[in-house]
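What follows is a set of notes on a single structure, which appears directly below.
The values are calculated or read from the model by the stated rules, or taken from the named source; none is laboratory data. Remember, it's a predicted structure, so these values are computed and weren't measured experimentally. FYI the Cβ positions are ideal-geometry reconstructions off the backbone, even for glycines, and counts take in every protein chain you see. Quick note on the areas: whole protein, heavy atoms, side chains included, nothing else; ligands and nucleic acids left out. Shrake-Rupley method; radii C 1.70, N 1.55, O 1.52, S 1.80 Å.
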Amino acid sequence: MPNLAVNVDHVATIRQARLAAEPDPVLAASLAELSGATAIIVHLREDRRHIQDRDVELLRRTVKTRLHLEMAATAEMQGIALRLAPDLVCLVPENRRELTTEGGLDVAGREAVLAAFLAPLAKAGIEASLFIDPDPAQIAAAAKTGAGYVELHTGTYAEAKNPDARQAEFERLLAGLDQARRLGLRVNMGHGLDYVNILAFAGVSGVNEYSIGHAIVARAVVTGLPEAVSRMANIVAGFVS
Ligand code: PXP
């Protein structure tokens, strides 16, 4: 059975919109675990637009399943990872102007640099994954870095504008899954997956984990509204008019 890793970044996005204390991604992570998540993912971005250092520190102490840290391959992030020891680090490309991670990491040609970056993490017992497009050259390169995992970028599949384009990208993901597994890599999938487009993967074996954030947080906000509004309506209904 594949794992479901829940990304709680966008709980922090709502909190940071007001620079407030809630909603707390740490509490959200606990509820996600109680509801079946097999890992919690956070992306600590250089610009700290959603997840804060405090969140990762608390999550390291409270997450009972596995804590996966998405991060750019920078010295600052390497230091944080070595100090907090998440169960897995996933290297992603980062661009300050992007709304979310836009594409896979460019690994081809940078195998030695990335291997050197990952070596101290491996020594500290931290597993590593590389977020890459399902591109044969990137997958072959990833296998030379010492990372035990790749996360295949499903964003192009999720955002395909028509059924043919979606099917073509789905097949590229399946070929990438096969290639990566033959090279001894464990394969995660993520980005843009939702309650509908994930159904295509129902019969696909060999995926270690699906990494899902936005669709889950978006649904939680909407499905939680009736309870949240009726509670406030009950309070206001008890006031003098
Ligand atoms: N995987 C990676 C590497 C990501 O950067 C993200 C977004 O933070 C996700 C998965 C989750 O994507 P989504 O929020 O679209 O489910």
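If you check residue 42 against the conditions, is it surrounded by 18 or more Cβ atoms within 10 Å (Cβ to Cβ), under 16 Å from the mean Cα position of the chain (by Cα) and of a type in the set (Val, Ile, Thr)? Yes, satisfied. Restricting attention to the range 24-39, which residues are more than 16 Å from the ligand (Cβ to nearest atom), among the aliphatic types (A, V, I, L, M) and either part of a strand (DSSP E or B) or open to solvent by 20 Å² or more (accessible area, probe 1.4 Å) (or both)? Within the range 24-39, 27, 31, 34 qualify.
Just the residues that are within 15 Å of the ligand (Cβ to nearest atom) and hydroxyl-bearing (Ser, Thr, Tyr), please, taken from the range 198-241. Passing the criteria: 210, 211.
Can residue 175 be described as more than 15 Å from the ligand (Cβ to nearest atom), under 20 Å from residue 141 (Cβ atoms) and either part of a helix (DSSP H, G or I) or modelled with pLDDT under 95 (or both)?
yes
Inspect all residues belonging to the range 59-69 and state whether any of them is under 29 Å from residue 168 (Cα atoms), more than 16 Å from the ligand (Cβ to nearest atom) and part of a loop (DSSP other than H, G, I, E, B). So far as the range 59-69 goes, no, none of its residues is under 29 Å from residue 168 (Cα atoms), more than 16 Å from the ligand (Cβ to nearest atom) and part of a loop (DSSP other than H, G, I, E, B). For the range 129-146, the set of residues classified as more than 13 Å from residue 109 (Cβ to Cβ) and open to solvent by 10 Å² or more (accessible area, probe 1.4 Å) consists of 133, 136, 143, 146, listed by residue number.
Just so you know, in the range 147-175 the residues that are of a type in the set (Phe, Trp, Tyr) and in contact with a Phe, Trp or Tyr (Cβ under 6 Å, 6 or more places away or on another chain) include one that is surrounded by the most Cβ atoms within 10 Å (Cβ to Cβ), and it is 157. Of the residues 111, 70, the single one that is under 21 Å from residue 148 (Cα atoms), in contact (Cβ under 8 Å) with a residue 12 or more places away in the chain and in contact with a Cys (Cβ under 6 Å, 6 or more places away or on another chain) is 70. With respect to residue 87, is the statement that it is of a type in the set (Asp, Glu) and away from the ligand (no atom under 13 Å from the Cβ) true? Yes; evaluated as a whole, the condition is true for this residue. Between 142, 160, the distinction of being within 16 Å of the ligand (Cβ to nearest atom), among the aliphatic types (A, V, I, L, M) and either in contact with a Gly (Cβ under 6 Å, 6 or more places away or on another chain) or closer than 17 Å to residue 187 by Cβ (or both) belongs to 142 only.
Checking the structure you have, find out if any residue of the range 123-139 is in contact (Cβ under 8 Å) with a residue 12 or more places away in the chain, more than 16 Å from the ligand (Cβ to nearest atom), among the charged types (D, E, K, R) and over 23 Å from residue 194 (Cβ atoms). No, every residue in the range 123-139 fails to be in contact (Cβ under 8 Å) with a residue 12 or more places away in the chain, more than 16 Å from the ligand (Cβ to nearest atom), among the charged types (D, E, K, R) and over 23 Å from residue 194 (Cβ atoms).
For the range 95-113: of the residues being within 15 Å of the ligand (Cβ to nearest atom) and not charged (D, E, K, R), which is surrounded by the fewest Cβ atoms within 10 Å (Cβ to Cβ)?
Going residue by residue through the range 95-113, those that are within 15 Å of the ligand (Cβ to nearest atom) are 95-96, 98-107.
Then drop every residue that is not not charged (D, E, K, R), which leaves 95, 99-101, 103-105, 107.
Working: 95: 12, 99: 7, 100: 13, 101: 21, 103: 16, 104: 24, 105: 25, 107: 26.
The residue in question is 99.
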